[in-house]
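Engineer: Below is a structure I'd like to ask you about.
Here, each number is a calculation from the coordinates, and none is a lab measurement. Remember, predicted model here, so these are calculated numbers, not experimental data. Glycine also receives a Cβ, built like all others from the backbone with ideal geometry; neighbour counts cover every protein chain displayed.
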Number of protein chains: 2
Amino acid sequence: MALDHAKPGEVIDVRPLGEALADARTTTLIKAERLEVLRLVLPAGKEIATHTAPGPITVHCLEGRVAFTVLGEERELGAGRMLHLGAGEPHSLRGIEDASLLVTLVLVK
Amino acid sequence: MALDHAKPGEVIDVRPLGEALADARTTTLIKAERLEVLRLVLPAGKEIATHTAPGPITVHCLEGRVAFTVLGEERELGAGRMLHLGAGEPHSLRGIEDASLLVTLVLVK
């Protein structure tokens, strides 16, 4: 719901969830003009099939570990690691450990 | 230099710098189409005067504490906290403790 999103200048908490991660769900934190930020919760073993985003994105692992496949290569993303992708780059994810990731999407058009 | 920036899909380290923070300098980590990410190093007591960015931004404190003034209000940003601003919103910063911040800028035009 729009009312749940952070307003400009509002301080939000993106620390690791720790024990609360087990019961957490993916949430959209910021939904603004040209910009969207979500905390993606990816449990161990869960896969997100290959997909694309219309604009560039960054993916910042806050806790846990995921396997991130892009450009024909699987890379591991652990806590405190980040990568970025250009617009329309197909990618997929798989949780190695329970993980949460901060995903920043540049919205185009 | 362009060669220092992360390529799409390349995993980069954005963990707190810890003791290395004292000697660290601001660095641009990602410079891509429509997107730029930098690690801003702000020592305690240092100020960044009021300025604007042409597009929306997010500011994610990785370590330390800063005072962030925007929309007529000073807010404190500690480790694991984030805020976002719309395009052209004037803001200023001051280090309360030595800090590093991940700043994501949406580039427009």
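Engineer: Once the dipole of the protein assembly as shown is set up with Lys and Arg at +1 and Asp and Glu at -1 on Cβ about the Cα centre, which of B:Val103, B:Leu85, B:Thr69 lies farthest towards its positive end?
Structural biologist: Value: B:Leu85.
Engineer: Separate question: For chain A, evaluate the Debye formula with one uniform point scatterer on each Cα (no solvent term) and list log10 I(q)/I(0) at q = 0.11, 0.14, 0.19, 0.22 Å⁻¹, rounded to two decimals.
Structural biologist: -0.33, -0.55, -1.00, -1.28
Engineer: Looking at segment A:21-106 only, what percent of DSSP beta bridges run antiparallel? Nearest 5 please.
Structural biologist: Details: 37 of 37 bridges.
Approximately 100 percent, going by the DSSP bridge assignments.
Engineer: Given the alpha-carbon gyration tensor of segment B:17-77, what are the semi-axes of its equivalent ellipsoid in whole angstrom, ordered largest first, with each equal to the square root of 5 times an eigenvalue? Please list the in-between numbers first.
Structural biologist: Working: eigenvalues 76, 71, 19 Å².
After scaling each eigenvalue by five and taking roots: 19, 19, 10 Å.
Engineer: In addition: GluC sites (Glu not before Pro), restricted to segment B:17-101: which are DSSP loop and have at most 16 other Cβ atoms within 10 Å?
Structural biologist: Values: sites: B:Glu19, B:Glu33, B:Glu36, B:Glu47, B:Glu63, B:Glu73, B:Glu74, B:Glu76, B:Glu97; in loops: B:Glu33, B:Glu97.
Filter output for segment B:17-101: B:Glu33, B:Glu97.
Engineer: Once amide H atoms are placed 1.01 Å from N in the peptide plane, what residues at a sequence separation of 5 or more from A:Leu17, or on another chain, have their amide H within under 5 Å of its amide H?
Structural biologist: Those qualifying (amide H under 5 Å, at least 5 residues apart or on another chain) number zero.
Engineer: Just to confirm a number: summing +1 for Lys and Arg and -1 for Asp and Glu over residues other than A:Gly9 whose beta-carbon lies under 13 angstrom from that of A:Gly9, what do you get?
Structural biologist: On the way: positive: A:Lys7, B:Arg75, B:Arg81; negative: A:Glu10, B:Glu73, B:Glu74, B:Glu76, B:Glu89.
So the surrounding residues net to -2.
Engineer: Could you give the size of the charge dipole of chain B about its Cα centre, using +1 on the Cβ of each K and R and -1 on the Cβ of each D and E, expressed in debye and rounded to the nearest 20? Provide the component values of the computation, followed by the final result.
Structural biologist: Details: 12 positive and 15 negative charges, 56 e Å.
Using only the charged Cβ atoms, the result is roughly 260 debye.
Engineer: Relative to 2.2 N^0.38 Å, what does the C-alpha radius of gyration of the protein assembly as shown come to as a ratio? Two decimals please. Let's see the in-between values first.
Structural biologist: Working: Rg = 16.5 Å, N = 218, 2.2 N^0.38 = 17.0 Å.
Relative to the 2.2 N^0.38 Å estimate, the protein assembly as shown comes out at 0.97.
Engineer: In a shell of Cβ-Cβ distance under 9 Å around A:Pro56, excluding A:Pro56 itself, what net charge do Lys and Arg (+1) and Asp and Glu (-1) give?
Structural biologist: On the way: positive: B:Arg34; negative: A:Glu89, B:Glu33.
Neighbourhood net charge equals -1.
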